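The values are calculated or read from the model by the stated rules, or taken from the named source; none is laboratory data. Since the structure is predicted, the reported quantities are computational estimates derived from the model, not experimental observations. Here the Cβ positions follow ideal geometry from the backbone for every residue, glycine too, while neighbour counts run over all protein chains shown.
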Amino acid sequence: MIVVILAALGFEHIGHYVPCALCLLQRWPYYIGIPIGLLAVLSSAMNAPPAVTRTLLLLAGVSMLVGAGMGGYHAGAEWKFWDGPSTCATSVDAITKTAGDLLADINTQHGPSCTDASLRVMGLSFAGWNVITSLALAGIAVFGATRKA
């Protein structure tokens, strides 16, 4: 989960990719799942009762299933299977700092669209890859929660 968030932040800050509002929302299951997953690792390392570790792993898995659902909704909106949100606004990082160009920037700069994929890799957008990644992470969490100690 940490690697996924670091990759998203890398695309944003190093690659100058401006995420849409749905992209930012899809990070929340990771922000919630990471500390829960770390608590699961800590509880296992400290020999806490197995029920505690299993519960934490299941919660992390549920968080990732929510992330997969969010990614599926976003990917479906990008593929025009259904309508995306009526508003999808985030900040734009290319606005000029000088007063003379500010009006021109307001008229020309727009936040990224939630319904147009800015990049596709092997046919999938970031949202599509998030579905696959979230499902894989949920599977790992559920596997860990259900295996015999």
Met70 fails exactly one of the following numbered conditions: (1) in contact with a Ser or Thr (Cβ under 7 Å, 6 or more places away or on another chain); (2) part of a helix (DSSP H, G or I). What is the number of that condition?
(1)
Unique match (being of a type in the set (A, V, I, L, M, F, W, C), over 21 Å from Leu6 (Cα atoms), modelled with pLDDT of 95 or more and in a helix (DSSP H, G or I)) among Leu42, Leu38:
Leu42
